[in-house]
Amino acid sequence: MLSYQHGYHAGNFADVHKHAIYALVLDYLLAKPKPLACMDLYAGRGAYDLRDAMAHKTGEAAQGILKLWSQPWPELLGKWRAVLEQVGGPNLRAYPGSPLLAAKLLREQDRLVFNELHPAEHRVLAESVRYDSRAHLHKRPALEALPALVPPVEKRGVVLLDPAYEVKTEYAEVAEGVSRALRQWSSGTFMVWYPLLPEKRHRVLVDKLLALTGRHLLSELVVGNGGEGMYGSGMIVLNPPFVLADQLRQLAPFFAPLGVDGPATLRVEAGPEC
Ligand SMILES: C[S@@+](CC[C@H](N)C(=O)[O-])C[C@H]1O[C@@H](n2cnc3c(N)ncnc32)[C@H](O)[C@@H]1O
């Protein structure tokens with residue numbers, strides 16, 4: 001079942017939260033000249049037109065990235081801002097998803113691995129990175145691809161997993177997949193996104209991931225009161241950069257305007273070994 005299309009949601013508060021953290025993690029890894037591998041297992045199409053019918057239908061970008069666009073931008077997120085402007089222009093007409101964000105930030109010596117199962121989304125992504133020799137594309141169920149991809153030859157890098165969670169079992173399956181992958185690559189940085197929904201199905205995922213290693217970070221951005229629909233965005237990073245928790249705490253005021261009935265709140269919890 002592949003009915004989810006990220007075009008309806010691109011640039012929403014969850015993308016803001018997820019991509020801000022992704023940009024910080026990549027920025028940290030890029031401080032060393034050694035090559036790194038960036039593996040995006042639910043890649044999506046790459047870029048999203050914020051003026052098309054899908055974006056207009058939900059108006060989610062208007063309540064997300066566009067709410068922050070004209071406010072002062074923190075220096076910590078300067079590189080992400082530069083990519084947003086490069087792709088979307090001064091008025092942010094288009095929004096770069098995770099593959100384009102990584103492609104713009106990474107260097108000549110780095111490797112990009114993109115996996116996307118939806119045929120139409122995969123086609124658009126393939127076209128957008130066609131001339132990028134660093135990019136390697138796959139069209140497989142992400143949790144089947146994962147064990148074949150880690151550890152990467154570079155021994156440095158990050159795996160991003162942000163499924164649409166269309167089926168209830170996906171929470172437990174993702175946790176199990178990451179658990180196995182961490183055994184194969186214990187020093188790898190794994191980023192797992194999840195939605196905060198009233199049913200709180202994410203708990204099984206969170207409990208399992210946090211128990212895997214004390215080197216973890218949890219961040220949850222809460223924008224609503226939990227009454228109905230997605231009221232927040234969660235991210236767990238295993239083997240996070242040691243600076244990430246402090247950086248996110250500094251950024252909390254930046255996310256505040258994303259709140260629906262009041263300021264959004266950002267929870268940041270670092271594990272005992274961070
Ligand atoms: C939340 S979207 C990804 C957004 C993207 N990573 C970004 O941040 O810009 C999830 C994507 O996963 C794809 N997908 C769904 N199930 C999948 C699976 N089992 N394996 C790989 N991709 C899948 C969907 O087609 C969709 O494009």
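FYI, it's all coordinate maths here, none of it is from the lab. The structure presented is a predicted model; accordingly, all values stated were derived computationally and were not measured. Because the Cβ atoms are built from the backbone with ideal geometry, glycine has one as well, and the counts that use them run over all protein chains shown.
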Completion exercise
In terms of the alpha carbon gyration tensor, root eigenvalues a ≥ b ≥ c, rounded if a/c is under 1.5 and otherwise prolate when a/b exceeds b/c or oblate, segment 70-126 is oblate
Practice task
With a Förster radius of 30 Å, plug the Cβ-Cβ distance of Arg203 and Glu108 into 1/(1 + (r/R0)^6) and report the FRET value to the nearest 0.05.
Solution key: 0.10
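Report the trypsin sites (Lys or Arg not before Pro) located in segment 5-82 that are in a DSSP loop and have at most 14 other Cβ atoms inside 10 Å of their Cβ, or state none.
Arg51
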Handout entry: Inter-label distance for Thr169 and Asn225, nm, one decimal - labels placed 7 Å from Cα along Cα-to-Cβ
Key = 3.7
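Using the Cα atoms of the chain to build a convex hull, what is its mean projected area in square nanometres?
13.2
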Fill in the blank from the handout: Taking a crude spin-label model, label points 7 Å out from Cα along the C-beta direction, the Ser133 to Asn91 distance in nm is 3.9
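Any idea what the relative contact order of the chain is, in percent, if you count C-alpha pairs under 8 Å spaced at least 6 apart?
Rounded, it is 20 percent for the chain.
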Exercise for the section: With θ set to phi - 60°, apply the Karplus curve 6.51 cos²θ - 1.76 cosθ + 1.60 along segment 201-213 and write out the HN-Hα couplings as whole Hz, x wherever there is a Gly or Pro. Expected result: 5, 5, 4, 5, 5, 4, 4, 5, 5, 5, 7, 6, 7
Completion exercise
The extension gain from Arg267 to Gln71, computed as 0.36 nm times the residue separation minus the Cα-Cα distance, is 68.4 nm
Handout entry: Reach of Lys168 by Cα under 25 Å, taken over lysines that are not fewer than 8 positions away in the same chain
Key = Lys18, Lys139, Lys200, Lys208
Problem - Within the chain, longest stretch free of exposed GluC sites (Glu not before Pro) [DSSP loop, at most 16 other beta carbons within 10 Å] - result: 1-107
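Gain in length, Thr58 to Lys32, computed as 0.36 nm per residue apart minus the alpha-carbon separation, to one decimal in nm?
Using 0.36 nm per residue and subtracting the Cα-Cα distance, I get 5.3 nm.
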Handout entry: Which of Leu41, His6, Ser186, positive extreme of dipole for segment 6-270 (C-beta unit charges)
Key = Ser186
